[in-house]
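Throughout, read-outs are computed from the coordinates displayed, never taken from laboratory work. What you are looking at is a predicted structure, and each value in this text was computed from that prediction instead of being measured. Heads up, the Cβs are rebuilt from the backbone with ideal geometry, glycines too, and the neighbour counts pull from every protein chain shown.
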Amino acid sequence: MRGLLEQGLAELGIAPPAGAVEKLMRYGQLLLEQNQVMNLTAITRPEEVATLHFLDSAALLGCAGLAGASLVDVGTGAGFPGVVLKVLAPDLRLTLVDSLGKRLDWLETVCQALGLEGVTLRHDRAEELAQEPDWREAFDFAAARAVADLRVLAELCLPFVRVGGRFLAMKAAGCQAEVDAAGRAVSVLGGRLLPAWHYAIPGTEVKRTVAAVEKIAPTPKGYPRRWARIRKAPL
């Protein structure tokens with residue numbers, strides 16, 4: 001795993017801080033151990049954890065200046081991309097949001113084991129949390145690495161982003177039709193689509209896309225809607 005990580009980070013143009021590769025290796029060990037008792041990932045080979053999880057998450061550093069910024073990772077799951085970004089950019093002010101408390105309990109132990117400081121963990125549903133005044137439009141960046149349609153992700157994530165900030169949705173390659181179809185939703189929510197960023201995960205033939213949205217106006221009151229409504233009638 002070490003060789004894959006070192007070479008892959010170099011290919012991405014990322015100079016990891018001292019000890020970062022060791023922390024990612026430890027993270028991978030903890031992930032695979034916990035995955036035996038909790039469904040965290042379908043990827044169980046260490047080399048694929050290194051590439052398809054860690055290097056994929058790390059690639060986000062190539063399209064956004066995260067140093068010293070605040071980022072909310074919405075629906076973080078096993079901590080991707082947020083924990084990887086924190087390891088590689090220690091001054092990132094990271095918040096992990098997930099609807100499953102036991103995942104966050106595990107992530108708290110991971111952050112402690114890796115010595116990560118300044119990480120906030122919140123057990124809540126994104127569409128409810130984004131209505132709270134202290135959380136609404138409070139972050140420089142929101143990120144999501146999920147399979148949901150971009151129209152849905154935009155409604156869940158853009159309300160967290162301050163005007164002038166960005167929402168970064170990590171998607172599979174070939175998602176341009178989905179991105180184009182989300183234009184109206186993004187506009188309604190106070191955003192503007194930016195050119196998508198394309199990359200290949202080092203050590204693999206997998207190509208990925210980051211759909212980027214700039215927040216240009218406050219999200220109107222009433223968004224996000226209740227989850228049942230979002231799912232039934234995407235913007």
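From the set of residues in the range 158-206 that are more than 15 Å from I216 (Cβ to Cβ) and polar (S, T, N, Q), which is surrounded by the most Cβ atoms within 10 Å (Cβ to Cβ)?
The extreme case among them is T204.
Identify the single condition in (1) in contact with a helix residue (DSSP H, G or I) (Cβ under 7 Å, 6 or more places away or on another chain); (2) within 23 Å of L121 (Cα to Cα); (3) β-branched (V, I, T) that I43 does not satisfy, given that it satisfies every other one.
(2)
Please enumerate the residues belonging to the range 102-137 that are among the basic types (K, R) and touching a strand residue (DSSP E or B) at 6+ places or on another chain (Cβ under 7 Å). Explain how you work it out, then say what you get.
We begin by selecting, within the range 102-137, every residue among the basic types (K, R); these are 102-103, 122, 125, 136.
Residue satisfying the conditions is R122 alone.
How about the range 189-235: which of its residues are more than 20 Å from W135 (Cα to Cα) and part of a helix (DSSP H, G or I)?
First, the residues of the range 189-235 that are more than 20 Å from W135 (Cα to Cα): 192-212, 228-229, 231-235.
Answer for the range 189-235, where residues must be more than 20 Å from W135 (Cα to Cα) and part of a helix (DSSP H, G or I): A228, R229, R231, K232.
Over 28 Å from E11 (Cβ atoms) and under 18 Å from the mean Cα position of the chain (by Cα): which single residue out of L168, L104, L193 fits that description?
Numbers: L168 fails: over 28 Å from E11 (Cβ atoms); L193 fails: over 28 Å from E11 (Cβ atoms).
The unique qualifying residue is L104.
Find the residue count for the range 110-142, including only residues that are among the charged types (D, E, K, R), in a strand (DSSP E or B) and closer than 10 Å to P159 by Cβ. Let's see the steps before the verdict.
Taking the range 110-142 and keeping what is among the charged types (D, E, K, R), we get 117, 122, 124-125, 127-128, 132, 134, 136-137, 140.
With the extra rule that they be in a strand (DSSP E or B), the set shrinks to 122, 140.
Filter once more, keeping what is closer than 10 Å to P159 by Cβ: none.
Summing the residues that are among the charged types (D, E, K, R), in a strand (DSSP E or B) and closer than 10 Å to P159 by Cβ in the range 110-142 gives 0.
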